[in-house]
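Right, one structure below, let's go through it.
The values are calculated or read from the model by the stated rules, or taken from the named source; none is laboratory data. For clarity, every value in this text was computed on a predicted model and none was experimentally measured. Cβ placement follows ideal geometry from the backbone for every residue including glycine, while neighbour counts extend to all protein chains displayed. All accessible areas refer to the heavy atoms of the entire protein, side chains included, with ligands and DNA or RNA removed. Shrake-Rupley method; radii C 1.70, N 1.55, O 1.52, S 1.80 Å.
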Amino acid sequence: MVVERAGQQFNTSADANGIERIRAAVRLLIEARDLARDAEADIWSFAVEAEELRRRGATTPELRWLVQKNYACHRDEKTTRAKSRCFRPAPPLVFSDRTCFVLTDQGAAAAARGGIMDFGRPATGIVQPEQELVLPDWDRRRRTLFLGGVIVKQFRRYAPDQWLLLDAFAEELWVMSIDDPLPPHPGIDPVRRLHDTISNLNRNQINPLIRFHAEAVLRRVHWEPR
């Protein structure tokens with residue numbers, strides 16, 4: 001039997017152990033992603049080595065499946081005496097003993113909806129419908145950010161950098177991540193400026209329904225429902 005979820009197909013007649021191995025790998029990638037966000041660190045600083053994923057039981061074809069589905073991405077670590085982990089692009093679907101993995105935004109969103117973790121789980125073959133992802137709504141005139149009609153944050157003070165970031169997400173129809181939209185400012189470190197802007201967006205939410213975070217190296221901003 002083939003189960004289809006949001007245009008993705010997975011053969012439920014496959015070895016159940018293989019399904020569990022994929023779930024175990026995804027759980028570890030989710031844990032690494034969550035720890036990176038909690039530490040307000042670049043996600044690649046918590047990248048998981050291929051060897052560790054294989055110890056959890058994931059096979060090379062299963063890792064290639066995660067990458068091909070854009071649920072995970074991989075790079076080769078080149079850290080030597082550097083103070084932080086360094087990576088270089090890796091060939092598509094080619095893994096070495098230096099390869100590390102992170103969960104993508106698409107993978108995190110799918111896991112949050114059960115799209116990865118529940119592949120093959122229904123014993124009857126009946127697929128439960130996925131919950132549709134609710135997108136935020138930014139009302140610039142009212143200076144109010146909503147999610148599902150619920151007020152997330154209402155600005156009482158002038159906050160141009162936060163508004164620029166929300167304007168950019170709204171213009172891109174709330175895709176899960178965008179490039180840093182803040183224009184350069186003389187004498188201000190752009191990475192620190194982006195970090196402070198995101199910290200302020202996450203602070204003092206009336207209803208804490210949205211979390212913003214950034215990849216410092218790639219200068220990209222992400223959002224996700226809490």
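Of note:
Here is a yes/no grid of residues against (1) basic (K, R); (2) within 22 Å of the chain's Cα centre (by Cα); (3) over 15 Å from N207 (Cα atoms):
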residue: L147; (1), (2), (3): no, yes, no
residue: Q154; (1), (2), (3): no, no, no
residue: L164; (1), (2), (3): no, yes, yes
residue: D167; (1), (2), (3): no, yes, yes
residue: E171; (1), (2), (3): no, yes, yes
residue: W174; (1), (2), (3): no, yes, yes
residue: L182; (1), (2), (3): no, yes, yes
residue: I188; (1), (2), (3): no, no, yes
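- Condition check for L201: free of Cβ contacts under 8 Å to residues at least 24 places away in the same chain and within 27 Å of T104 (Cβ to Cβ): no
- Residue within the range 35-43 that is assigned to a helix (DSSP H, G or I), under 20 Å from D196 (Cα atoms) and in contact with a Ser or Thr (Cβ under 8 Å, 6 or more places away or on another chain) present: yes
- Residue list for the range 190-218, restricted to those being open to solvent by less than 30 Å² (accessible area, probe 1.4 Å), closer than 14 Å to I151 by Cα and over 16 Å from the mean Cα position of the chain (by Cα): L201, Q205
- Identity of the residue in the range 75-102, polar (S, T, N, Q) and open to solvent by 30 Å² or more (accessible area, probe 1.4 Å), that ends up nearest to E215 (Cα to Cα): S84
Each row is one residue, and each column tells you yes or no for (1) modelled with pLDDT of 90 or more; (2) buried (at least 20 other Cβ atoms within 10 Å of the Cβ).
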site	(1), (2)
A16	no, no
A24	no, no
R27	no, no
D34	no, no
W44	no, yes
E52	yes, no
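- Tabulated pairs, the range 176-198, first in contact (Cβ under 8 Å) with a residue 24 or more places away in the chain and under 12 Å from E40 (Cβ atoms), second open to solvent by 80 Å² or more (accessible area, probe 1.4 Å) and among the charged types (D, E, K, R), C-beta under 8 angstrom, 6+ apart or interchain: H195/E40
- Residue within the range 102-119 that is in a loop (DSSP other than H, G, I, E, B), at pLDDT 85 or above and not polar (S, T, N, Q) present: no
- Residue check, A72 within 18 Å of R220 (Cβ to Cβ) and crowded, with 18+ Cβ neighbours inside 10 Å: yes
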